[in-house]
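Student: Here it is: the structure, laid out below.
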Amino acid sequence: MTGALAFDIAHMLAGGLVLASFMLLYQDRLHGLVNTYALHALVLTASVAWQAWAQGAPHLYITALVALVFKALVIPLALHRIIRRLGIHRDIENAVGTGLTMLTGMGLVALSMVVMLRVTAEADPLAREDLAMALAVVLLGLLMMVTRRNAIGQVVGFMSLENGLVLAAAGARGMPLVVEISVAFSVLVAFIVIGIVLFRIRERFDTVDVGALDDFRGERR
Amino acid sequence: MSGFPFDATVAVLVVPAVAAAVLALLPGYRAAARVNVLASLTTFLAALSLFAGGEGEAGNYLFVDELNIVFIVLNTFVGFTASVFSAGYIRHELEMGRISPANLRFYHAMYQTMMFGMNLAFVANNIGLMWVAVELATLTTVLMVGLYRTHEALEAAWKYFILGSVGIALALFGTILVYMAAQPVVGEGNDAMVWTRLVEAAAGFDPGLLNLAFVFLLIGYGTKVGLAPLHAWLPDAHAEGPTPISAVLSGLLLNVALYAVLRFKILLAASPGALAPGPLMVGMGLVSLVFAAFMLYRRRDIKRLFAYSSIEHMGIIVFAFGMGGPLANFAGLLHMVMHSLTKSAIFYCVGHIAQIRGTQKLAEISGVTVTHPALGWAFLVGVAAIAGLPPMGVFMSEFLIVTSTFAAAPLLAVPLVAGLVVAFGALTMRATGIAFGAPPENRPAGEAPGLAAYLPIYAHLALVLAAGLYLPPALVGWFRHVAGILG
């Protein structure tokens, strides 16, 4: 019985992450976007912590803690700060309409379910469902990066994609800690890099709209 | 003797790491450039000593086999010559005021960090560690590409960062899938990520999972190889960063990602139920080759021109490895080495030419052989080599690839040869425009670089020429053995 319950809860949390990814897709204000990302990270934390308990793998609690502290608290706070300092909180910045984005997102989720469930027919069912959901989160993250014109929107899309990867890594039973820490670490490094880039973009262009960058393509004269 | 190769393996990693720390603290660009050259030379010598050591015991994290020795030696050699080129190049950029001394300290520290990341990716015996190393090399190059802080450099760095991150994220998903496939057979924990164990047990892996993993890995690492249609970052990153970095990107970083793809290709080949990775690689390779060959005609920027040529050649190499078999693998390996040497030599020339003329625009560069004969002719020889003219080494490897394709699948040889010919036309047209004609009158002809600046160019071209004329039997035997491993 506990096995079935553990499975159901893991399933629910992973599904919650996919839902949070959908919520990210339709946010059209930056502060709302960042708040939704914090929620995304919270769901990830719960999901990883549940996996840690269900698999009896204490090292996953560290991954959950990293997700909680960095992704749900530090990074959203920093992003809010950047948004306020740049004064871009009113920007509406979707390149593609919400309806079309949501429909595409549904298609991607269906695709990842079909692909993963068919391929992993023989794998452990818990890992299998988790992996399918994780792939959906990764694809939705990619979709978000494509549909956002604003640098911060793309960064959030990328980080939600990384959350999907962490979910996949946590679902893989006994995956060495090395990788999880590296993922968490890479998010941090990525954030620093992005921070620098953002700063330089601001310094040069007075905007973080990536569309403005297109004007400077080297091939054009 | 058995402990010896392990020491050299560690040295290949420790020297760049220590040098990066020293360079981060060292003020003064002259001393920093010297330390950079010295550290790169030491790393290269350590890599050479790997040959003497033979194969050591494969550890859980690091190992050396016949395949990665080739990559490490090539990597450290080009890393060394690029550091020599960089010393002269950087002095000029500093005088022109394009870089500040503080930026330069950062540049040198990043250079060694990048070398560390690339070497780590080669010697890693753990697919997770390899992924981390590739990510490290990517992040450092992103920072280097953005070094000039111009509009174009920022756009290039941003594009490279986003596409590169998506690529490595997909590669990580593929890595996790490989672990999932391995875990029921090898057991939980670290063992299921150790490369040598994976290959031994690959026959028992779930083929479906492995197939899916390879698709993610090919797309993920393939983005970093610069395969079309995931190449968008490559021309910008090459054109807007400092030229030594363009040379390193083209000659080395693309190889790192290629090496990762090859490792997983071997894994797939060892699992009988899995799909043959060949057709996927052949398809992506051909598309990249033909696409890049046509794009060469529309370039207006000299560094972009050769960036597209890199896409073309990576396409050829991936195509050759995709064809598989002893001959095509041999040719692919040879072509990879030849391309790295030739393309970095060309970028060294291009760096000097762009500095002399003060522009990267093709329309404003002409008559280099008139004003600077030594540089102009070296450049022409390099372009002739990369375009595939005999007697250079690139001709030989391309010839081997074409003949082996005719033998195995004649229909595939048609687009291959067509792509080669189209690219040949574009490169010849552009190169004659750059090398001959009247030098532009309104631009002052810059000072000729000193002899030291020519040494890396001549060394590379001499090696390429020598390989075209005569390959030592020991080297042929070695490559043949590696080609056998690649399956």
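Student: Which condition number in (1) over 23 Å from B:Ala474 (Cβ atoms); (2) at pLDDT 80 or above; (3) more than 20 Å from the chain's Cα centre (by Cα) is the one that B:Ser49 fails?
Tutor: Going through (1) over 23 Å from B:Ala474 (Cβ atoms); (2) at pLDDT 80 or above; (3) more than 20 Å from the chain's Cα centre (by Cα) one by one, B:Ser49 breaks only (1).
Student: While we're on this one: Can we say B:Leu143 is touching a residue at least 12 places away in the same chain (Cβ under 8 Å), within 8 Å of chain A (Cβ to nearest Cβ), of a type outside the set (D, E, K, R) and more than 26 Å from A:Ala136 (Cα to Cα)?
Tutor: Answer is yes for this residue.
Student: OK, next. Tell me whether the stretch B:54-63 contains one or more residues that are on the phi < 0 side of the Ramachandran plot, assigned to a helix (DSSP H, G or I) and of a type in the set (Asp, Glu).
Tutor: no
Student: Working carefully through the options B:Phe436, B:Phe406, find the one that is at pLDDT below 90 and of a type in the set (Phe, Trp, Tyr).
Tutor: Just one listed residue meets the conditions, B:Phe436.
Student: Only one of these is within 20 Å of B:Val194 (Cβ to Cβ), modelled with pLDDT of 90 or more and among the aliphatic types (A, V, I, L, M): B:Ala58, B:Ala109, B:Ala82, B:Ala121. Name it.
Tutor: Every option except B:Ala121 fails the conditions.
Student: Residue check, B:Arg149 against (1) farther than 26 Å from B:Ile90 by Cβ; (2) at the interface with chain A (Cβ under 7 Å from one of its Cβ atoms); (3) surrounded by fewer than 24 Cβ atoms within 10 Å (Cβ to Cβ), all met but one. Which one?
Tutor: Of (1) farther than 26 Å from B:Ile90 by Cβ; (2) at the interface with chain A (Cβ under 7 Å from one of its Cβ atoms); (3) surrounded by fewer than 24 Cβ atoms within 10 Å (Cβ to Cβ), only one is false for B:Arg149: (1).
Student: Looking only at helices (runs of 4 or more DSSP H) that lie completely in the stretch A:42-147, which have at least 1 residues being touching a strand residue (DSSP E or B) at 6+ places or on another chain (Cβ under 9 Å)?
Tutor: Those helices (runs of 4 or more DSSP H) span A:98-119, A:125-147.
Student: How do the pairs read when you match residues in the stretch B:157-173 that are more than 7 Å from every other protein chain (Cβ to nearest Cβ) with residues anywhere that are not in a helix (DSSP H, G or I), using Cβ under 8 Å and keeping only pairs 6 or more apart or on different chains?
Tutor: Here the result reads B:Lys159/B:Ala232; B:Leu163/B:Leu230; B:Leu163/B:Ala232; B:Gly167/B:Leu230, each pair linking the stretch B:157-173 to a residue that is not in a helix (DSSP H, G or I).
Student: Would you mind stating whether B:Ala19 is in a helix (DSSP H, G or I), farther than 21 Å from B:Tyr107 by Cβ and small (Gly, Ala, Ser)? Before the answer, list the steps.
Tutor: Values: in a helix (DSSP H, G or I): yes; farther than 21 Å from B:Tyr107 by Cβ: no; small (Gly, Ala, Ser): yes.
No; evaluated as a whole, the condition is false for this residue.
Student: Taking into account only those residues within the stretch B:308-354 that are over 30 Å from B:Ala374 (Cβ atoms) and not hydrophobic (A, V, I, L, M, F, W, C), which is surrounded by the fewest Cβ atoms within 10 Å (Cβ to Cβ)?
Tutor: Top of the filtered list is B:Pro326.
Student: Among the numbered criteria (1) within 26 Å of B:Val35 (Cβ to Cβ); (2) more than 10 Å from every other protein chain (Cβ to nearest Cβ), which one does B:Ala201 miss?
Tutor: Going through the list (1) within 26 Å of B:Val35 (Cβ to Cβ); (2) more than 10 Å from every other protein chain (Cβ to nearest Cβ), B:Ala201 breaks only (1).
Student: Tally time: how many residues in the stretch B:88-114 are part of a helix (DSSP H, G or I) and surrounded by fewer than 20 Cβ atoms within 10 Å (Cβ to Cβ)? Let's see the steps before the verdict.
Tutor: At the first step, the residues of the stretch B:88-114 found to be part of a helix (DSSP H, G or I) are B:88-95, B:101-114.
Those still in the list that are surrounded by fewer than 20 Cβ atoms within 10 Å (Cβ to Cβ) too: B:91-92, B:94-95, B:101-103, B:105-106.
Of the residues in that region, 9 qualify.
Student: Looking at this structure, is B:Ser397 modelled with pLDDT under 95 and farther than 24 Å from B:Ile72 by Cβ? Steps first, please.
Tutor: Numbers: modelled with pLDDT under 95: yes; farther than 24 Å from B:Ile72 by Cβ: no.
So B:Ser397 does not fit the description; no.
Student: Within the stretch B:205-227, can you find the residues that are away from chain A (no Cβ under 13 Å), more than 16 Å from B:Leu129 (Cβ to Cβ) and part of a helix (DSSP H, G or I)?
Tutor: Answer for the stretch B:205-227, where residues must be away from chain A (no Cβ under 13 Å), more than 16 Å from B:Leu129 (Cβ to Cβ) and part of a helix (DSSP H, G or I): B:Leu218, B:Gly222, B:Lys224, B:Val225.
Student: State which residue pairs qualify: first residue closer than 20 Å to B:Ile356 by Cβ and inside the stretch B:442-471, second residue outside any helix (DSSP H, G or I) and at pLDDT 80 or above in any location, beta carbons under 7 Å apart, and separation of 6 or more residues or different chains.
Tutor: As it stands, the answer is B:Arg443/B:Gly358; B:Ala445/B:Pro439; B:Gly446/B:Gly358; B:Ala448/B:His372, since those pairs meet every condition given.
Student: Follow-up. Considering the stretch B:173-207 alone, what residues qualify as being crowded, with 23+ Cβ neighbours inside 10 Å and of a type in the set (Ser, Thr, Tyr)?
Tutor: B:Thr175, B:Tyr179 - these are the residues of the stretch B:173-207 that are crowded, with 23+ Cβ neighbours inside 10 Å and of a type in the set (Ser, Thr, Tyr).
Student: Out of A:Glu162, A:Glu129, report the one residue that is at the interface with chain B (Cβ under 9 Å from one of its Cβ atoms) and among the acidic types (Asp, Glu).
Tutor: Values: A:Glu129 fails: at the interface with chain B (Cβ under 9 Å from one of its Cβ atoms).
Being at the interface with chain B (Cβ under 9 Å from one of its Cβ atoms) and among the acidic types (Asp, Glu) holds for just one of A:Glu162, A:Glu129, which is A:Glu162.
Student: Filter the stretch B:237-246 down to the residues that are within 14 Å of another protein chain (Cβ to nearest Cβ) and under 16 Å from the mean Cα position of the chain (by Cα) and list them by number.
Tutor: B:Ala237, B:His238, B:Ala239, B:Gly241, B:Ser246
The values are calculated or read from the model by the stated rules, or taken from the named source; none is laboratory data. If you're wondering where the values come from, they're calculated on a predicted model, not measured in any experiment. Quick reminder, even Gly has a Cβ in these numbers, built from the backbone with ideal geometry, and neighbours come from all protein chains shown.
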